[in-house]
Amino acid sequence: MTIRCDIVTQERIVFSEEVDMVVAPGVDGVLGILPHHSPLLTTLQFGELLIRKGGQEQSFAIGGGILEVRPDHVTVLADAAEQADEIDTARAEAARHRAEELLKQGLPPGSDRFAEIENAIKRSNVRLKVGVKRRRSGPPPSINMGGN
Ligand code: ATP
């Protein structure tokens, strides 16, 4: 028994396959979604999304968005999403550094850029967490699916 998972951004389809389980960074906590999950619409926070399929695990950096669950289909409409092995960690470091420097310099009173810069830092942090973990662990590991 599998569930379809589509991860899409405004730019591209990041992932679209039948999977065994999706573990998503819901705004109220981590959500584990198996086939036949009850319908759900929720917001995603910045975090790691895991796909389990055939004893393998794939990891994605998610920069917020919306998650829709139907019994046979999970749709992630992400503001940003990258699969672990496509993450350029040097680029993420540089983006975090730029954003932190902007904060250090201080924003003019009344500037509406604070949230934007804070989000850039959160996006970079998630990319670094997911990208660095991937480099340390090598190819997606085999996992025990508990007989599923
Ligand atoms: P940066 O400041 O590094 O550009 P960003 O979050 O502003 O980061 P965007 O310019 O909005 O990135 O993203 C353009 C495209 O590049 C998107 O498809 C995004 O998924 C991808 N992307 C951004 N940063 C990285 C990264 N570190 N590694 C791989 N892809 C990335």
Of all residues in region 26-59, which are open to solvent by less than 70 Å² (accessible area, probe 1.4 Å), within 21 Å of Ile13 (Cα to Cα) and in contact (Cβ under 8 Å) with a residue 40 or more places away in the chain?
Gly26, Ile33, Phe46, Gly47, Glu48, Leu49, Ile51, Arg52, Glu57, Gln58, Ser59
Could you identify the single residue in Glu68, Glu82 that is more than 22 Å from Arg136 (Cβ to Cβ), assigned to a strand (DSSP E or B) and of a type in the set (Asp, Glu)?
Glu68
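Right, Thr43: over 19 Å from Gly29 (Cβ atoms), in the same structural domain as Ile13 (by TED's automatic domain parsing) and among the hydroxyl-bearing types (Ser, Thr, Tyr) or not? Break it down into steps so the answer makes sense when it comes.
Details: over 19 Å from Gly29 (Cβ atoms): no; in the same structural domain as Ile13 (by TED's automatic domain parsing): yes; among the hydroxyl-bearing types (Ser, Thr, Tyr): yes.
No, not satisfied.
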Write out, first by first residue and then by second, each pair whose Cβ atoms fall under 8 Å of each other, whose residues are 6+ apart or on separate chains, and whose first residue, in region 90-101, is acidic (Asp, Glu) while the second is loosely packed, with under 15 Cβ neighbours inside 10 Å.
none
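Here is a check on your reading of the model: is Ile62 in a strand (DSSP E or B), under 22 Å from Asn119 (Cβ atoms) and in contact (Cβ under 8 Å) with a residue 40 or more places away in the chain? I'd like the intermediate steps shown before the answer.
On the way: in a strand (DSSP E or B): yes; under 22 Å from Asn119 (Cβ atoms): yes; in contact (Cβ under 8 Å) with a residue 40 or more places away in the chain: yes.
Taking the combined requirement at face value, the residue satisfies it.
The values are calculated or read from the model by the stated rules, or taken from the named source; none is laboratory data. For clarity, every value in this text was computed on a predicted model and none was experimentally measured. Don't worry about glycine lacking a Cβ; one is built from the backbone with ideal geometry, like all the others, and counts go over all protein chains shown. Keep in mind that these areas ignore ligands, DNA and RNA; they rest on the heavy atoms of the full protein, side chains included. Shrake-Rupley method; radii C 1.70, N 1.55, O 1.52, S 1.80 Å.
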